[in-house]
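Each remark here refers to the structure printed beneath this line.
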Amino acid sequence: MIAGSKQTRMLNELLQACRTNLPSVNEDAMQKAFKLSMEAHKNHRRDSGEPYFYHPYAVAMIVVKEIALDDISVISALLHDVVEDTDFSLKFIEKEFGTEVAEIVDGVTKISGVFKGHEISQAENYRKMLLSMVKDLRVILVKFADRMHNMRTLEFVRADKQRRIAKETLEIYAPFANRFGLGRVKWELEDLSFKYLNKEAYNEIAKKLQDKRKEREQYIAKFIAPLAEKLDKHGLEYNIAGRAKHIYSIYKKMIKLNTSFDKIFDLLAVRIILEGNDANECFYVLGVINQIYKPIPDRFKDYISIPKKNNYQSIHNTVIGQQGKLVEVQIRTRKMHEIAEKGVAAHWRYKENFQKNDKELEEWVNWIRDVFENANKNEATKEIMASFKLNLYQDEIYVFTPKGDLKRLPAGSTPVDFAFDIHTNVGYHCIGAKVNGKIVPLSTMLHSGDQVEIITSKNQHPNKNWQQFVVTHKAKAQVRKHLNREEERLVEAGREIWERKLKKYKLSFNHDDVQRLLNKLKFDNPAQFFKNISQDKLNVDDILNPPEVEAKEEDNEMEFTTFADIARTNIGGVEIDGDYKGFEVNYAKCCSPIPGDPIIGYVTIGEGIKIHRKDCKNLIRMSENGSERLVRAGWPKRKDSLFVAGIKIRGEDTPGLLKEISNSITNFQNTNIKAINITASDSMFDGTVTVFVKDIAHLGQLIERLKKNKKIYSVERFDSETA
Ligand code: MN
């Protein structure tokens, strides 16, 4: 626990920092976020042993002081680990703090998730992916602050973890920070990473810098003196100071120039910041310097007239100082300095002062556009300035294979596109997909950061529906190719059936006969006609030999028959009333009654009593002429008291699976099935089965039994209506 007095002090410090650094603060919300974060993390500790709350608090402080955005981002920083690490939900955050905060917290959580456990070999892709995932720039800025604090406290973490985090920071976060113009964040992240990745070199350079510090400071003071005198005379308001180079940049320079520390000449650096925010003064100061010290022309850079891509502005000028030493002088205004240090965040703060026709505004927007490759010019300008929401890389998404490999796909891609991207065969046989561990329909639209696993089956082939949702060229082409082949096969098969039936009925059709038939049946061409035959949409027998009222039923291999049979056998067959007791009983295939259905018997000639459902259309038609052939029939009453329970099953729709399911159920303690309802699409089936069970244990065992079938992906109970 954090002592009450300490809590108060921490809160006051935070509020004070907000008042000083932010344009406006919702103090109530800030206080509420502070309390919620402390409460949520009260049972957690950091690796250092201190209360976990110190972390989100420190991150919030970094956001206030070092990035200085707005109160929303500070509140989000306080709450950034709450949803991930504690029992508070995002919904709750949204209710308490609004959508913006909830979205930022959610974004920060997701970004962290994406980095976990993945190789960092594709930094550029990651960068793009992050941008495509993130709707609000503040997510990235809060994440930087989070990483900054984790890096500052990395000493408490296990050594192997230290290295991993440091590597990730150096390879991803630092370049990313630079891209956003967060100069100060970038160098600190680099130096901290370097410290853990190459401790020896870091310590050596740090020590040498320290050793020479006094000497350097004295030299700089001497260098500055004549300059300051002149600037004062001119009445300029400025800040001038020596500047130590960052350790990692010294190291990089040593490596690049293949030289030792002592030979790195620009360790001596001075920065002049003009408070007046007038760029012309920078050039005046440049003139003053060059009068006093001799400049080195080819080391002069004017980033004021031509800013860097990340909007960095400054004059870099190297001159020969006392004792012939080289000194790099940077000249910039206060505002340029803020932008160099805080990048995007500084712009955020300055945006209120921007005028529509402000040249800087325009350049800034140009830069954003350049970075983010946004398409529509005027729209983009307005959008970005309005909320800094990012709509980047909207035409690409980045998803992962189960092994963590990154795949780049066009936006709108589905698991089928993903499957074809992996391999033609995977696409060809994909039957289902798990996205982030959950089974989803194949038409599901994927999002950046999704992890996608494809379930394949030899029996599966591309189907027509896929054409409606696949996006990639490869998937489209392959699906079309398959459908064309399939079409040819269907036409051929239909033609064979047709010819076999002609033989059977001893008929012969010439070309004209066929054409007449096609016209009558409204088919444009024979291919279409044959296809309908092979797809069972047309019954050749009906065409060649019109049916009688009670047509002899085809031997129909429908799975439902099998299931119904099992169910009927299990319940012990039907009971027939009165005189017909003991007659042969058959079940009508037109309505396939199952135990539980209201039924009635129909006395046939030669086939005993046929059991129909009471609402069977055939039965109703047949009994129109009179009811004397109808007999009362019913299912036997259940002996034990059973109750009805529902089971939801999802799996691969293979031939015989329904039979397997009903067998597993009915063979287990003679369980009776009340109803079964299956829909299949994309070769996946979705089914609900209601069964009579003795008790929960019975049901549980049944579910376990079904789960053992490899073709079944999920089995769960659902509440069914009572019996
Ligand atoms: Mn954190």
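A few comments on the model shown:
- Check on residue 256, more than 27 Å from residue 65 (Cα to Cα), in a helix (DSSP H, G or I) and in contact with a Gly (Cβ under 9 Å, 6 or more places away or on another chain): no
- In region 136-161, the qualifying residues are those that are buried (at least 17 other Cβ atoms within 10 Å of the Cβ) and away from the ligand (no atom under 16 Å from the Cβ), and the one that is farthest from residue 206 (Cα to Cα) is 136.
- Qualifying residue in region 400-414 (condition: modelled with pLDDT under 85, surrounded by fewer than 18 Cβ atoms within 10 Å (Cβ to Cβ), in contact with a strand residue (DSSP E or B) (Cβ under 9 Å, 6 or more places away or on another chain) and closer than 21 Å to residue 651 by Cα): yes
- Listed by first and then second residue, the pairs linking a residue in region 138-164 that is farther than 18 Å from residue 186 by Cα and hydrophobic (A, V, I, L, M, F, W, C) to a residue that is modelled with pLDDT under 90 and away from the ligand (no atom under 13 Å from the Cβ), with Cβ atoms under 8 Å apart and 6 or more places separating them unless they lie on different chains, are 156/48; 156/49.
- From the options 233, 199, residue that is of a type outside the set (Phe, Trp, Tyr), outside the structural domain of residue 65 (by TED's automatic domain parsing), more than 30 Å from residue 322 (Cα to Cα) and surrounded by fewer than 12 Cβ atoms within 10 Å (Cβ to Cβ): 199
- Matching option when the condition is of a type outside the set (A, V, I, L, M, F, W, C), within 11 Å of the ligand (Cβ to nearest atom) and at pLDDT below 95, among 71, 106, 81: 81
- Test for residue 454: is it at pLDDT 90 or above and surrounded by 14 or more Cβ atoms within 10 Å (Cβ to Cβ): yes
- Conditions (1) surrounded by fewer than 16 Cβ atoms within 10 Å (Cβ to Cβ); (2) touching a residue at least 40 places away in the same chain (Cβ under 8 Å): number failed by residue 624: (2)
- Considering residues of region 84-103 that are of a type in the set (Gly, Ala, Ser) and farther than 30 Å from residue 183 by Cα only, the residue nearest to the ligand (Cβ to nearest atom): 89
- Residue 191 vs. criteria acidic (Asp, Glu) and more than 16 Å from the ligand (Cβ to nearest atom): yes
- Filter result for the condition that a residue is of a type in the set (A, V, I, L, M, F, W, C) and in contact with a helix residue (DSSP H, G or I) (Cβ under 9 Å, 6 or more places away or on another chain), over 658, 699: 658
- Residue under evaluation residue 460, criteria (1) assigned by TED's automatic domain parsing to the domain that holds residue 444; (2) out of contact with any Ser or Thr (no Cβ under 6 Å at 6 or more places or on another chain); (3) in a loop (DSSP other than H, G, I, E, B), criterion not met: (2)
- Region 27-46, subset among the basic types (Lys, Arg) and more than 13 Å from the ligand (Cβ to nearest atom), residue surrounded by the most Cβ atoms within 10 Å (Cβ to Cβ): 32
- Matching entry among 190, 171 (being over 15 Å from residue 246 (Cα atoms), acidic (Asp, Glu) and assigned to a helix (DSSP H, G or I)): 171
- Residue check for residue 269: modelled with pLDDT under 90, under 20 Å from residue 339 (Cβ atoms), surrounded by 18 or more Cβ atoms within 10 Å (Cβ to Cβ) and of a type outside the set (Val, Ile, Thr): yes
- Out of 531, 476, one residue alone is in contact with a Leu (Cβ under 6 Å, 6 or more places away or on another chain) and closer than 30 Å to residue 415 by Cα. It is 531.
- Selection of first residues in region 283-312 that are not assigned by TED's automatic domain parsing to the domain that holds residue 182 and assigned to a helix (DSSP H, G or I) and of second residues that are surrounded by 14 or more Cβ atoms within 10 Å (Cβ to Cβ) and basic (Lys, Arg), restricted to Cβ pairs under 7 Å at least 6 apart or on distinct chains, gives the following pairs, ordered by first then second residue: 288/230.
- Taken over region 47-64, the criterion of being more than 14 Å from the ligand (Cβ to nearest atom) and in contact with a helix residue (DSSP H, G or I) (Cβ under 6 Å, 6 or more places away or on another chain) is satisfied by 64 alone.
The values are calculated or read from the model by the stated rules, or taken from the named source; none is laboratory data. Computed from a predicted structure; not experimentally measured. Cβ atoms come from the backbone with ideal geometry, glycine included; neighbour counts cover every protein chain shown.
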